[in-house]
Amino acid sequence: GAGVSQSPSNKVTEKGKDVELRCDPISGHTALYWYRQSLGQGLEFLIYFQGNSAPDKSGLPSDRFSAERTGGSVSTLTIQRTQQEDSAVYLCASSPQTGRGTDTQYFGPGTRLTVL
Amino acid sequence: KNEVEQSPQNLTAQEGEFITINCSYSVGISALHWLQQHPGGGIVSLFMLSSGKKKHGRLIATINIQEKHSSLHITASHPRDSAVYICAVTDMRFGAGTRLTVKP
């Protein structure tokens with residue numbers, strides 16, 4: 001079956017512009033996660049959705065970052081007024097069960113964001 | 001101090017060798033994940049475990065909850081096992097990863 005998909009695969013933007021990154025989870029998966037991986041760095045948790053609600057937004061690095069999920073399916077991560085330090089690969093993952101980190105996660109291919 | 005520590009940071013092995021990667025954590029958890037990140041960047045979940053031991057093919061993962069320690073073993077390693085192996089605890093705090101290179 002179809003896995004987790006993300007779009008765009010690559011995004012180059014200018015400093016100060018807003019960007020939207022999209023994640024399509026596996027159909028029927030209740031939990032959805034966003035992560036960030038900066039160049040040469042480890043994975044960093046950003047936000048977790050349980051259905052359409054986000055019980056934990058603690059990982060969002062600043063108020064320029066926001067995310068929503070609609071219909072228990074597609075999620076969008078928005079970064080406003082992008083800065084060069086936002087350059088990273090943004091990864092999405094989904095899992096069948098709710099409960100943060102308590103089920104196997106399936107990762108998308110990521111969106112590579114470059115802020116010039 | 002990072003709440004999730006992995007060792008070694010880098011590991012080079014010859015094909016056929018037995019590999020062990022370690023993960024220690026300092027927080028209470030209900031599950032621990034082992035992930036594999038291929039050179040192209042794709043991430044695959046290898047194991048999620050909360051106690052004991054799991055095996056899948058040549059991969060074995062163990063966890064000791066009392067000692068807050070987990071190990072990932074690879075038997076009869078192969079060049080295709082070359083990747084970064086990452087452990088993560090329940091609320092998705094990650095170790096820095098172990099870069100494994102298996103030479104033919």
Selection of trypsin sites (Lys or Arg not before Pro), segment A:38-116, meeting DSSP coil and at most 14 other Cβ within 10 Å: A:K57, A:R64, A:R81
Accessible area of segment B:39-104 divided out per residue, in Å², using a probe of 1.4 angstrom: 46 Å²
Contact surface B-A: accessible area buried, both sides summed, square angstrom, 1.4 angstrom probe: 1200 Å²
Whole-angstrom gap from segment B:39-96 to segment A:5-27, using each part's C-alpha centre: 29 Å
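Can you give me the relative contact order of chain A as a percent, contacts being Cα pairs under 8 Å and 6 or more apart? It would help to have the intermediate numbers written out before the result.
Working: 297 pairs, mean separation 42.9, N = 116.
Worked out over chain A, it gives 37 percent.
Quick check for you: with a 1.4 Å probe and neighbouring chains kept, what is the accessible area per residue of segment A:1-77, in Å²? Could the numbers behind the result be given before it?
Values: 3880 Å² over 77 residues.
On a per-residue basis, 50 Å².
In whole percent, what relative contact order does chain B give with Cα contacts below 8 Å and a gap of six or more residues?
Numbers: 255 pairs, mean separation 40.0, N = 104.
With pairs under 8 Å counted, the relative contact order is 38 percent.
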Label-point gap, in nm, between A:S58 and A:L39 - each point 7 angstrom along Cα→Cβ: 3.1 nm
Cα lying deepest toward the dipole's positive end in chain A, options A:S58, A:F107, A:L21, charges on Cβ: A:L21
Estimated FRET transfer efficiency (B:R58, A:E14; beta-carbon r; R0 45 Å; 0.05): 0.45
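Rg to Rh ratio, the protein assembly as shown, alpha-carbon atoms and Kirkwood radius?
On the way: Rg = 17.5 Å, Rh = 17.9 Å.
Using Cα coordinates only, the ratio equals 0.97.
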Inter-probe distance in nm under a simple model that places probes 7 Å from Cα toward Cβ, at A:T104 and A:Q80: 4.0 nm
Per DSSP, loop chymotrypsin sites (Phe, Trp or Tyr not before Pro) in segment B:1-49 with at most 13 further Cβ within 10 Å: B:F18
Value of relative contact order over segment B:49-100, rounded to a whole percent, pairs C-alpha under 8 Å and six or more apart: 22 percent
Along principal axes, Cα extents of segment A:1-55, largest first, whole Å: 36, 23, 22
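The values are calculated or read from the model by the stated rules, or taken from the named source; none is laboratory data. All values reported here derive from a predicted model rather than from experimental measurement. So basically every Cβ, Gly included, is an ideal-geometry build from the backbone, and we count neighbours across all protein chains shown. The protein model used for the area step is the full one, side chains on, heavy atoms only, and it has no ligands, DNA or RNA in it. Shrake-Rupley method; radii C 1.70, N 1.55, O 1.52, S 1.80 Å.
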